[in-house]
Amino acid sequence: MVSETVQVSCVTNGGTKSNESFKRKHLGSDEHASASRHDSSDAKGDIGPSDRDLAANINEDTQADDASKKVRLPKELTFQDMYNNQDAFDDDDEDDSDWEPVQKHIEILKWFCTNCTMVNLDDVFLCDICGEHKESGILRHGFYASPFSPEVELVQVESEATGREKEIWSEASASNCSTAVGFDERMLLHSEVEIKSHPHPERPDRLRAIAASLSAAGIFPGKCCLIPAREITLEELQMVHSSEHIEVVELTRQMFSSYFTPDTYANEHSAHAARLAAGLCADLASAIFSGRVRNGFALVRPPGHHAGVTQAMGFCLHNNAAVAALAAQAAGAKKVLIVDWDVHHGNGTQEIFDQNKSVLYISLHRHEGGKFYPGTGSAFEVGTKGAEGYCVNIPWSRGGVGDNDYIFAFQHVVLPIASKFAPDFTIISAGFDAARGDPLGCCDVTPAGYTQMTHMLSTLSGGKLLVVLEGGYNLRSISSSATAVIKVLLGESCECEPENIVPSKAGLLTVLEVLKIQMKYWPNLSSSFEKLQLQRAMYSVEKKQKQVKRRRVFEPPLWWRWGRKQLLFHILTGHFHLK
């Protein structure tokens, strides 16, 4: 919780007596009379003089006062006027000298939602944006914590909800575990130092919420083993980034606070955290490809897919997925597939492998004609200089994209191309900011959708799969989605791939556009393209029928066929169309 202090000027009274005097000076004569009668009755205990005598005295006094005030005071008084003309309020009966303006601090208390960082007023207990309780226990219990109750009431609920799962998952040692997790608490030290009006969405709590969820479910520590962290070496980084970029990032070790772009911050610990993240991804890739573990999840930050050869941007310092891809190749992988389902296009990853035929990059992201950050990633960006077709962009034309559109794109674009490519190693740039409830992505992918996509990709590369955390800024969404993905890595059974997925019209048009461009380089897409063209035609026929039906809701009388109503009749019944 935080508070914002607003400084205002106001007048405070010294006591009830002064307040009554102020009223008698500026209220009408009748109120003055009633107040005088009230004071006299209270003081003496009797009725006092007659009303006629009292009214005469009041009129005389009031007229004299009004004449003097017309000279001394303006018609409408401000608090500053009262302060500058204190003598105007003095009389023989009352002393108003205790009226003084003071500077008073009024605190408007606000709190920022732990889950989505949105601001709320102090008297509100549930976030107006995501509905999370102001005392949410999500950082202790993960997404198992109730969003509607304070943390103190959650311990028993959480233990009951996850007790059965903790019994299922037995403790696993590093020698026999099949899924490895890369995590180090030192990555939590990377944070924005400068205090601003709103918390930065890329914050340490992202990792805390995921770790709490995995712990509550008995997954990690438990079923997964931990990979020891190390800093990536300079030689390994130079395979991805320019020396100038690496030096600029390293300089932040000497700075308390710095910025690469207005939204990409660094503190004195950021370079160390970025090198730990990259080192974990490299070691996970080597361990998976060599067979020491079956698959892995890199629970790392800062994210990396916006970091290009020469620049840091979009919250990203070093490109973790690119480092992992080259580490897998160093371990013996000839062909590497990177699937990026972060809601933002991974412009840095695309730049690094734009001319590389040994790395296939496929990205599903919001694009909206280049209006959505970072503006790159149109379907026409396919790779350059002999590597055309090894960059596949699936750019959504709108927000709100959900499970059906993503799985439909996987079925008709991602898997056909990936199967033809036949990778030796698969990496997922797993941003969860396309998840339902994310404040930046504004899409609608559920944990079940991420489960299905992970399961589909796990069939490639002989199951050699590394998931690298990228974005995701709603703690409940990111923690539940990441947990669902790790359960797939652990071999938890998944529902069969749905066959009759019905995409949105915008999703179908996007997939058709991608197929039309990419089937020049991947001929096996042509059959799918022709099939979807027929589906598009059916959509058009159905739409036309609905429009005709809508027009025929009102049936004009038959006699409109003749005379002046003939043209209107044909238009309403759909028999006449203007061209």
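Net charge around E202, counting only other residues with Cβ within less than 12 Å of its Cβ (Lys, Arg = +1; Asp, Glu = -1)?
Value of the local net charge: -2.
Sort all Cα-Cα distances of the stretch 177-521 into consecutive 10 angstrom bins from zero, then give the percent of pairs in each bin up to the one containing the longest distance.
Here the calculated profile for the stretch 177-521 is 6, 28, 38, 23, 4, 0.
What do you get for GluC sites (Glu not before Pro) in the stretch 197-300 restricted to DSSP loop and a cutoff of at most 16 other Cβ within 10 Å of the site's Cβ?
Here the sparse-neighbourhood loop sites are E268.
Here are some pairs, K335/K371; K385/K516; K134/K487; K464/K520; which of them have Cα atoms lying more than 27 Å apart in this structure?
Where the Cα-Cα span goes over 27 Å, the pairs concerned are K335/K371; K134/K487; K464/K520.
Can you list residues whose amide H is under 5 Å from V467's amide H, if they're 5+ apart or on another chain and H is modeled 1.01 Å from N?
Residues meeting the amide H criterion: G296, F297, A298, I428.
Could you give the nm distance between label points at I129 and A506, where each point is 7 Å from its Cα heading toward the beta carbon?
Spacing of the two 7 Å Cα→Cβ label points: 2.0 nm.
Work out how much length Q535 to F256 would gain on full extension: take 0.36 nm times their residue separation and subtract the Cα-Cα distance, in nm to one decimal.
94.7 nm
Rounded to the nearest angstrom and ordered from largest down, what semi-axes does the equivalent ellipsoid of the stretch 267-402 get from its C-alpha gyration tensor (root of 5λ)?
24, 19, 14
Considering the convex hull of the alpha carbon atoms of the stretch 406-463, report its projected area averaged over all viewing directions, in nm², one decimal.
Here the figure is 4.0 nm², rounded to one decimal.
Counting heavy atoms of the protein chains only and a 1.4 Å probe, report the per residue accessible area for the stretch 243-395 as a whole number of Å².
For the stretch 243-395, the solvent-accessible area averages 31 Å² per residue.
Can you pull a Stokes-Einstein diffusion coefficient for the stretch 441-512 at 20 °C (1.002 mPa s), Rh from Kirkwood over Cα pairs, as a whole number of µm²/s?
Reported coefficient: 155 µm²/s.
The values are calculated or read from the model by the stated rules, or taken from the named source; none is laboratory data. These numbers were taken from a predicted model, which means no experiment stands behind them. So basically every Cβ, Gly included, is an ideal-geometry build from the backbone, and we count neighbours across all protein chains shown. In case anyone asks, the SASA skips ligands and DNA or RNA and just uses the protein heavy atoms, side chains included. Shrake-Rupley method; radii C 1.70, N 1.55, O 1.52, S 1.80 Å.
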